[in-house]
Amino acid sequence: MAKITTIGLDADDTLWHNERVFRLTHDRFCDLLSNYIDAACVEDRLLQVERKNLRLYGYGVKGFTLSLMETALELTDGAIDGRGMKQILAWSREMLSHPVEPLPHVRDALIALEDEFQLVLITKGDLFDQERKFAESGLADYFTGVEVVSEKTAASYQQIFERYGQGAERAVMVGNSMKSDVLPMLDAGGWAVHVPYEITWALELADDPENAERFRRISHLGELSTLLSDIRSRE
């Protein structure tokens, strides 16, 4: 078995809180449209619009904002006024300037790993916003590199871990999304560690991999160093 040299870490909801900010805006949006339609219908239609728009807008707050505006216009049959749209834009600005709050155990986990492995941040979303969050997190010094991709695929993992390390086979990807952080990394031939977060966006849900020898799950990043030691002891 090839020796692990590189650790990839997801950003949002792996290193710092993110989805709870989106959920707050979801709740506000449902309240904004409450005079037109019930919350369950708003959530259902918004998810459909987001899924449709991903290939055009990508991930992140800006694409989310456009999907909110499209959903509002559709569900109110164009009746939402300028004040409603102005409110959506205000929420967007608030999200884009929201303070970055690292999750528990994150800094200690990075300190424990930085001398033994190359650490690479691998995330999706808007480049400007992700760079802002990374800079404000206070975690930048622990990482060898940062990669912001339009989509996490087996091919993108293979390319990234060729640049940082010796290929996906000798790397571990750690993150909260089964769909983005785990399954494509396993397809790339690497190790994948799932760290569940308290909330998961519906479009990031996926079933656990079956009979995957290189799949592991931990409850928080504080358990990562011990897990990696166990994996390396079997190499």
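The values are calculated or read from the model by the stated rules, or taken from the named source; none is laboratory data. Note that the structure is a prediction, hence the values are computed from the model and not measured. Here Cβ is always computed from backbone atoms with ideal geometry, including for glycine, and neighbour counts include all displayed protein chains.
Within the range 80-98, can one find any residue that is surrounded by fewer than 18 Cβ atoms within 10 Å (Cβ to Cβ), part of a loop (DSSP other than H, G, I, E, B), in contact with a helix residue (DSSP H, G or I) (Cβ under 9 Å, 6 or more places away or on another chain) and modelled with pLDDT under 95? Checked the range 80-98: no residue is surrounded by fewer than 18 Cβ atoms within 10 Å (Cβ to Cβ), part of a loop (DSSP other than H, G, I, E, B), in contact with a helix residue (DSSP H, G or I) (Cβ under 9 Å, 6 or more places away or on another chain) and modelled with pLDDT under 95.
Applying the condition of being over 22 Å from the mean Cα position of the chain (by Cα) and touching a residue at least 40 places away in the same chain (Cβ under 8 Å) to the range 29-58 and asking which residue is surrounded by the fewest Cβ atoms within 10 Å (Cβ to Cβ) yields Y36. Taking the criterion of being without any contact (Cβ under 8 Å) to a residue 40 or more places away in the chain, over 16 Å from R132 (Cβ atoms) and of a type in the set (A, V, I, L, M, F, W, C), the residues of the range 60-99 that qualify are L66, M69, L73, M85, L89, A90.
Among residues of the range 3-16 that are on the phi > 0 side of the Ramachandran plot, those with a beta-carbon under 6 Å from a residue that is polar (S, T, N, Q) at least six positions away or on a different chain give the pairs D13/N176. If you go through the range 180-235 and pick out every residue that is on the phi > 0 side of the Ramachandran plot and in contact (Cβ under 8 Å) with a residue 40 or more places away in the chain, you end up with 0. Among the residues of the range 177-235, those that are closer than 25 Å to N18 by Cα, among the acidic types (D, E) and surrounded by 14 or more Cβ atoms within 10 Å (Cβ to Cβ) comprise D181, E204, E223.
List the strands (runs of 3 or more DSSP E) that sit entirely inside the range 159-233 and contain at least 3 residues that are in contact with a Lys or Arg (Cβ under 6 Å, 6 or more places away or on another chain).
Details: elements: 171-175, 191-194, 215-217.
Correct list: 191-194.
Every test in (1) farther than 28 Å from A202 by Cβ; (2) acidic (D, E); (3) buried (at least 19 other Cβ atoms within 10 Å of the Cβ) is passed by E162 save one, and that test is (3). For the range 156-212, the tally of residues that are within 26 Å of L46 (Cβ to Cβ) and polar (S, T, N, Q) stands at 4.
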